[in-house]
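Input: a single structure, listed below in structure tokens.
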């Protein structure tokens, strides 16, 4: 059952996008782990998670081989193994306890998002829910709250199935309401998100995102760095010709993706002049994704703001470089396991502050663009910091060339869609090779591009200042869940048995079950 749940969970994420698979898979896990105890629960959780993570993260080894891919999948599976162990211990009498399961899920998923080396929150259960009623709940409590509700709904279904099966095995007619109560609870949780408003009103500004494309996919995507820069210049000037001819509106802000200029555009005179000439032709601000040869001994992954007649006026340095991809932590230790760590010749230096670029449109509107580079879109705190710093639109610059024709890019676009809903902000999601899109605050992706094609996305997006409840509460849902789980664990230890949550199955009177 645990293996089946892991396989089923794969279908909840792009490119399958069967969102209902998530609560069903978590329900199977809640049922499979109940009664397993700590050690066996860990084994069941770990094995089931491998069935999920190995195929869903297969893009991570597309060009670097199986070792990093399997290592990443194994590491992520350990956290689900921990969830299985805790659920197995809390329900060692064999009964599904929905509240305890949901608390364990949120806490262990939060742990996975933070450790080790800053964590890897990719494939949080919420990130496959942009098209579901569950996903709309992100505006109330962020991705952790969505994960909690999905886990609770799935476990309630498992509780109902367990009760129904028990009535058959004991050849007794169990009152139907003991099955209907958890089923009804799961349905309510699955539909309540439909009443959550996702407003898209507000003054608008025109955006142009440029997907310049690269010569070839893979680790050598930028072997001809000047060609990649030239591609983005050419695509931008072509789009500008449509503006000059009256076929398209003039943009208020133009965005190039991550790695559009891996030739340092502040130190290389040719690259800098190309960008300045492009900005002069546009007569509009341009955000450039590039690499800087600084600080000494390191490089920096940056977004640079260029404005007409002013040159480079602002920068954002990526705050969370990817371990084992953009820097190698404990390099000498990990070299003992793989010489591939030396493919990263120089580590990327992390930035220390949120990035918000401020520009004024010809019509007097203030654009405050909150920046995130590539995998940063998956980190709750980085995205929330940008909004709390004043962003009224979000810009996600990414480069998916190193993952080929895989599900990585659709998975990332799905995260940007959920972020739009979470913070009530439009998102300009631009990749070197696709997928790129303009996303409205209700999570709808417009003009989604194809992979490895040259394209632009352009249009008006609302600028919003109102903050969602999720923005205001921040990490509070996770800390509340952690405190509640701690209480459950302590009470379970003190009583010598697992703590029974308010929706747990009990063998008391029938009225107690209905009240729960």
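The values are calculated or read from the model by the stated rules, or taken from the named source; none is laboratory data. Just so it is clear, the structure is predicted and the values come from calculations on it, not from any experiment. Backbone-built Cβ (ideal geometry, glycine too); neighbour counts: all protein chains shown.
Numbers at a glance
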item	result
Sole residue being under 20 Å from residue 38 (Cα atoms), outside the structural domain of residue 378 (by TED's automatic domain parsing) and modelled with pLDDT of 95 or more, chosen from 153, 130, 73, 85	85
Out of 255, 228, sole residue that is buried (at least 22 other Cβ atoms within 10 Å of the Cβ) and out of contact with any strand residue (DSSP E or B) (no Cβ under 6 Å at 6 or more places or on another chain)	228
Qualifying residue in region 356-374 (condition: in contact (Cβ under 8 Å) with a residue 60 or more places away in the chain, in a helix (DSSP H, G or I) and not assigned by TED's automatic domain parsing to the domain that holds residue 115)	yes
Residue in region 161-177 that is touching a residue at least 24 places away in the same chain (Cβ under 8 Å) and either crowded, with 24+ Cβ neighbours inside 10 Å or within 17 Å of the chain's Cα centre (by Cα) (or both) present	no
Residue in region 386-394 that is closer than 29 Å to residue 54 by Cα, surrounded by 19 or more Cβ atoms within 10 Å (Cβ to Cβ) and under 15 Å from the mean Cα position of the chain (by Cα) present	no
Condition check for residue 290: closer than 30 Å to residue 250 by Cα and not in a strand (DSSP E or B)	no
Residue match in region 316-334 (condition: assigned by TED's automatic domain parsing to the domain that holds residue 430, modelled with pLDDT of 95 or more and surrounded by fewer than 16 Cβ atoms within 10 Å (Cβ to Cβ))	no
Search result, residues across region 263-283 that are in a loop (DSSP other than H, G, I, E, B) and buried (at least 22 other Cβ atoms within 10 Å of the Cβ)	265
Residue within region 378-398 that is modelled with pLDDT of 95 or more, outside any strand (DSSP E or B), more than 20 Å from residue 473 (Cα to Cα) and in contact with a helix residue (DSSP H, G or I) (Cβ under 9 Å, 6 or more places away or on another chain) present	no
